[in-house]
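Each value in this text was obtained by applying a stated rule to the coordinates, not by laboratory testing. Since the structure is predicted, the reported quantities are computational estimates derived from the model, not experimental observations. All Cβ positions, even for glycine, are placed from backbone atoms using ideal geometry, and neighbour counts span all protein chains on display.
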Amino acid sequence: MVVPVVAADTALRRDGDTSAGGRSASLSWRRIRAWRGIVLGLTGIFFLLPLYAALRFALENNLGHLTLAAFSAIPHTTGFIPAFLLSVRLAAVTMAITMALIVPTTIYVHVKYPKLLVAFDAITFLPVGIPPIVLIIGVLQSAPFVLKSTPYLLALEYVILAMPFAYRSLDAGLRAIELKTLVDASRSLGGSWLATLWRVIVPNLRSAFLSAMILTLALVFGEFTMASLDLYTTLPVWVVNTDSITAHVSVAVSFLSLALTWVLLLALSSVDRRRFARRALIVEGT
Amino acid sequence: MTEMLRVSMSTHRADVTPGTPDRSVRQGASVELLDLHRHFGATRALDGMSLVIEPGELVSLLGPSGCGKTTALRVLAGFDVPDSGKVLVDGRDIGRVPSQDRDMGMVFQSYSLFPNMDARDNVAFGLRMRGVKKGERRRRAAELLEMVGLIKEARKYPHQLSGGQQQRVALARALAIEPRVLLLDEPLSALDAKVRVQLREQIRALQTRLQTTTVFVTHDQEEALSISDRVCVMRSGRIEQVDVPSLLYARPATPFVAEFVGTMNRIPARATSSGVVVLGRQVPVRGSFRVALGSTVDVLVRPEELTISAVGVGTGVVMGKTFFGAVTRLAVLLDGAVTVQVDKSTADAASIDPGAAVELGVLATEVMVAEPEGERWTR
């Protein structure tokens, strides 16, 4: 958005437009740019200031000296490793179940019953409005007995919580491709439903998958209420519990958790971008 | 009207001259569409459509939007199920055969190439689904790409190809499986005019060479008339006429076909006991119509069936001229605010300028009476 503004501004000056209208337009552009800068700056401060404060707090010791002690103490702090591993396991299971349930369902509705998409859209929003305790009771009532005394019960709850985000990512991906035509083309060429799904649809939804998985991962690594109510010490629960004992370490973990999500997001998107770039290079070489 | 369409096809990639029928191809199956009905709510997409296409024939389904031509194609492809009626291939009812088992190649209006595959893999996809080994399917994909002139683009992805190239790859992909019937669903609609003409000629040459029975859906009459063996004109889910292009133009079976195919003038005339009087001349009427003697009707006359001559005081005034090369089309305003188009050789039209008073005459030996606007005559 900035480029055209600069270009227009430069063009005005290059043309040597010194008329009253020209000066007025130039002044107007400068004002717009200034406002943009102010809004961007305030937004940046809003998001970055707490992060800076957290990082500063984690890096300072009680004497006000900068040190990495809080970060280096993380692995040795009681309960961290089990909590971290539990969150990792829950994230993996949640992502697997979410993908297995949401992907075929979303594709099926898009292909076979596109008129139901509005209703489907509304249904997937329900977890956002339903209180966690109601979801927990619902899952407890319907979950298989063998899961009821295991932390994997949480994974089922997380699947419901992740549904609005995962569905929207996939829905956006499916709307971006000519799904019906691609399915018809594959079917007319002899492709079974499974082959069509695996070889035609899924490869064209890679970005949507990545987005859905990252959102699910971020949710699992940030969810506190359900885990706390279910009495399982996941990473967020551990962070809250540890905060009263070693606040510096607790904040360091929170910061790292956020940074990890960001790094993953960047890594996955850059891998995706590199894949397309490599494909283009292969074509250039032929 | 009940007509039947017999379709058969066969494909082969023997190295023969494009456009020359390849005699070594296997003769394909016949296809019959019998009394097909398909309703979408209150809309009748197909209303008793029946048709037979001859083996190796290219038949176009032509009609305005919503006439049912794409629905008919989708029923034939197995993407849609008729409410009633049958689709026979080689005399066998394929109503319950799923689309992936029908052996019908299809090219769609929107570019339907798989974005995650390059041109070669797109063409080889159908072969892969049939379990053809990698080396063989790559060889055959290369042959097909060579045939459509895109072998150099084999490793390019769809987003790196132009619209015309994408449709040629889609055509190669549809032909790679040696389909029993080739279905083309407005494949040229999204292309610019020049590419459209080139590609339709290429489709016709390949179809003639491979003797693949082809059903071509289009709303563009020029496309249909230029490449089809026969054209099936549809309206409101029913077939109005199936005929070779020249007869469709010269001997339309209904006023709708007459007006839909080619340019047609509506000229007021007076009904008489032996026909109509149009532009001062008594002309017989083709087909039947019922109106009171002496009443005014519109008759259908093509631009080339009118004569025009410049006079001092005439019944019409030339409003404009459109140059079409050897022919020039003159727009003439008649009494009653009726504008008609008259085709003259460009040499003859040179002496008639806009604003000139002219006298029109009718060359046609018979005319059709037009349906009143917004009405439909039952036949």
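Observations on the model:
- Euclidean distance between Cα centres, the range B:208-251 to the range A:182-234, Å: 46 Å
- Per-peptide average of other Cβ atoms within 10 Å, ordering A:130-141, A:252-263 highest first: A:252-263, A:130-141
- Rounded if a/c under 1.5, otherwise prolate or oblate - chain B, Cα gyration tensor axes: prolate
- Residue among A:Glu157, A:Glu178, A:Glu223 with the largest mean-square fluctuation in a Gaussian network model of chain A, springs linking Cα atoms under 10 Å: A:Glu178
- Packing-based order for A:34-40, A:110-116, using average beta carbon neighbours within 10 Å, highest first: A:110-116, A:34-40
- Neighbour net charge for A:Ala143 - beta-carbon separation under 13 angstrom, K R +1, D E -1: -1
- Distant-in-sequence amide H partners of B:Met234 (H built 1.01 Å from N, under 5 Å): B:Leu62, B:Gly63, B:Glu240
- Distant-in-sequence amide H partners of A:Ala143 (H built 1.01 Å from N, under 5 Å): none
- Local electrostatic count, B:Leu150, Cβ distance below 10 Å [Lys/Arg +1, Asp/Glu -1]: +2
- Summed side-chain charge close to B:Gly316 - residues other than B:Gly316 whose Cβ falls under 12 Å, Lys, Arg +1, Asp, Glu -1: -2
- FRET efficiency, 1/(1 + (r/R0)^6) with R0 35 Å, evaluated for A:Leu229 and A:His65 via beta carbons: 0.35
- Filter on B:Lys86/B:Lys134; B:Lys86/B:Lys133; B:Lys69/B:Lys321; A:Lys115/B:Lys69; B:Lys69/B:Lys133; B:Lys69/B:Lys152 - keep pairs with C-alpha separation over 32 Å: B:Lys86/B:Lys134; B:Lys86/B:Lys133; B:Lys69/B:Lys321; B:Lys69/B:Lys133; B:Lys69/B:Lys152
- Estimated FRET transfer efficiency when R0 is 30 angstrom, pair A:Leu51-A:Ala92 (beta carbons, to 0.05): 0.65
- With contacts taken as Cα pairs under 8 Å at a separation of at least 6 residues, chain B carries a relative contact order of 17 percent.
- Applying the criteria of a DSSP loop state and at most 11 other Cβ atoms within 10 Å to the GluC sites (Glu not before Pro) of the range B:290-379 yields B:Glu373, B:Glu375.
- In plain terms, the chain from A:Lys148 to A:Thr261 could stretch by 37.7 nm, reckoned as 0.36 nm per residue minus the Cα-Cα distance.
- Qualifying trypsin sites (Lys or Arg not before Pro) in the range B:253-320, where qualification requires a DSSP coil assignment and no more than 16 other C-beta atoms within 10 Å, comprise B:Arg290.
- Highest to lowest packing among B:335-341, B:68-74, scored as the average C-beta count within 10 Å: B:68-74, B:335-341
- Long-range amide H partners of B:Val89 with built H, under 5 Å: B:Glu32, B:Ile94
- Per-bin percent of Cα-Cα distances, the protein assembly as shown [10 Å]: 3, 11, 16, 16, 15, 15, 11, 7, 4, 2, 1, 0
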